[in-house]
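Colleague: One structure coming up, written as structure tokens, with questions to follow.
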Amino acid sequence: MSNEPIIRPTRAEIDLAAIAANVQLAAKLVGAAQVMAVVKADAYGHGAVPVAQAALSAGATWLGVAIPEEGVILREAGFTGPILVLGPCPSDQTDLPAAYGLEQCVSDASQIEPLNAAGRARAKTVAAHLKIDTGMGRVGVPPPEAALIAEKIGHTPSLRLSGIMTHLTEAEAVDTAFTVEQLTRFEVATKAVREASGTRPLRHAANSAGLLYHPAAHLDLVRPGIMLYGCSPRGSQEQRFQLRPALRFRTAVSQVKTVPAGTPLSYGRTYVTTRRTVVATLPVGYADGVWRSLSNIGEVLIQGRRAPILGRVCMDMTLVDVTTLENVQPGDEAVLIGRQGDAEITADEIAAQLGTISYEVLCRIGPRVPRIYHQHGGARELCGGKLP
Ligand SMILES: *Cc1c(COP(=O)(O)O)cnc(C)c1O
């Protein structure tokens, strides 16, 4: 018997060659700037460790995470290169950057001393990236205060000013005026920081949209996330860049039955058949990341064709109409996101149906769904984020 675990047919297949190609595209577009692969939220649902590995092999030199724990997972998996925590460090976790060698965003002067104390206690220097709020209105110091706070970091014995950063609020917008304004504010603040601190910390501002649409935002380092997973920050309108979607969310039909006209289907009887209908049951539901709001409006691919979702999506099952398909059988593949034959359902298409963005569709694919990794044509499995 094989040692391979026997896993459910509902899976997310991740194409690491696509991640690598998207990283290479990012690196090509930015030239001399370094690429930080943003792998927060378990790499937007794709699995942080294998994605980080693929991104670094393809030329990224930094990893970006949202919270310290995500950085700890990467360190424990053996990554030794720079990892930046993009969000503020919670006050009860200030030991983690020093303990794990994580570079830490500092977005308020009050965060300096706790990080310094943790660094001192471990005899380590914590690398800080000063975050400036140039228009996002979320975290970060006001531009006029940046120089003073940078100086303060410079005089703090267990801190080092490693970077100065900002975040763009609408770099994907067709109207570029506000992004240009943000970049101007950032440049002014950066100059003041350089003068006041006498150092040249890494300057970084660009998310995927900044990277793709604003060459002036490239600076020393870029922080792409969504584009590495093959989705455009502009959604499905994007035609200019050949991004390769990395994720395919699939399952297999568990049961097929034929019901007469007038048959109610699923919870609440929100769908009643209007003709003799062949219904396929899929063993996947909203607990796996098939949004309940796709009830009666979503579609899946079977036999390379679209099969509409009938009735409410359940926690663990979804019904689809296969009446016009040929002889669908239990075990036949059904694709929720990705390609099948010549057909494709993108995360962007689903996002548009749900009134959200691809990011949310991808990171909602649940922990119950095994992630299977393909590289160089072969497949290897990593369930639940564990290393092989
Ligand atoms: C999430 C995040 C990114 C990546 O954004 P994308 O739009 O996915 O490219 C970059 N920088 C910061 C600070 C972030 O939080």
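Colleague: What strands (runs of 3 or more DSSP E) completely inside the range 334-388 contain at least 2 residues that are at pLDDT 95 or above and surrounded by 15 or more Cβ atoms within 10 Å (Cβ to Cβ)? Explain how you work it out, then say what you get.
Modeller: Values: elements: 343-345, 371-375, 378-382.
Here the list reads 343-345, 371-375.
Colleague: Could you list, in sequence order, the residues of the range 285-318 that are part of a loop (DSSP other than H, G, I, E, B) and within 22 Å of the chain's Cα centre (by Cα)?
Modeller: Residues of the range 285-318 part of a loop (DSSP other than H, G, I, E, B): 285-291, 295-298, 303-304, 311-317.
Of everything in the range 285-318, those that are part of a loop (DSSP other than H, G, I, E, B) and within 22 Å of the chain's Cα centre (by Cα) turn out to be Gly285, Tyr286, Ala287, Asp288, Gly289, Val290, Trp291.
Colleague: I would also like to ask the following. Can you find, within the range 209-237, the residue that is nearest to the ligand (Cβ to nearest atom) among those that are surrounded by fewer than 17 Cβ atoms within 10 Å (Cβ to Cβ) and within 22 Å of Cys363 (Cα to Cα)?
Modeller: Gly235
Colleague: Of these, Glu187, Glu145, Glu170, which one is acidic (Asp, Glu) and closer than 18 Å to Leu221 by Cβ? Working first, answer last.
Modeller: Values: Glu145 fails: closer than 18 Å to Leu221 by Cβ; Glu170 fails: closer than 18 Å to Leu221 by Cβ.
Step by step, each of Glu187, Glu145, Glu170 is checked, and only Glu187 is acidic (Asp, Glu) and closer than 18 Å to Leu221 by Cβ.
Colleague: Here are some conditions: (1) within 16 Å of the ligand (Cβ to nearest atom); (2) closer than 24 Å to Thr169 by Cα. Arg244 meets all but one. Which one does it not meet?
Modeller: (2)
Colleague: I need the full set of residues from the range 141-170 which are closer than 14 Å to Ile112 by Cα and part of a loop (DSSP other than H, G, I, E, B), in order please. Give the derivation first.
Modeller: Here is the first cut: in the range 141-170, the residues closer than 14 Å to Ile112 by Cα are 141, 146, 148-162.
Across the range 141-170, the qualifying residues are His155, Thr156, Pro157, Ser158.
Colleague: If you don't mind, there's one more thing I want to ask. I'd like to verify a number: residues in the range 197-208 that are at pLDDT below 95 and within 13 Å of the ligand (Cβ to nearest atom), how many?
Modeller: 0
Colleague: Do you know which residues across the range 167-179 are near the ligand (Cβ under 9 Å from one of its atoms) and of a type outside the set (A, V, I, L, M)?
Modeller: Residues of the range 167-179 near the ligand (Cβ under 9 Å from one of its atoms): 167-168, 171-172.
His167, Glu172 - these are the residues of the range 167-179 that are near the ligand (Cβ under 9 Å from one of its atoms) and of a type outside the set (A, V, I, L, M).
Colleague: In the list Ala26, Ala77, Ala18, Ala60, which residue meets the criterion of being under 25 Å from Arg240 (Cα atoms) and away from the ligand (no atom under 14 Å from the Cβ)? Before the answer, list the steps.
Modeller: Working: Ala26 fails: away from the ligand (no atom under 14 Å from the Cβ); Ala77 fails: under 25 Å from Arg240 (Cα atoms); Ala60 fails: away from the ligand (no atom under 14 Å from the Cβ).
On inspection, the qualifying residue turns out to be Ala18.
The values are calculated or read from the model by the stated rules, or taken from the named source; none is laboratory data. Given the structure is predicted, the values throughout are model-derived calculations rather than measurements. Every residue, glycine among them, receives a Cβ derived from its backbone with ideal geometry; neighbour counts consider all protein chains shown.
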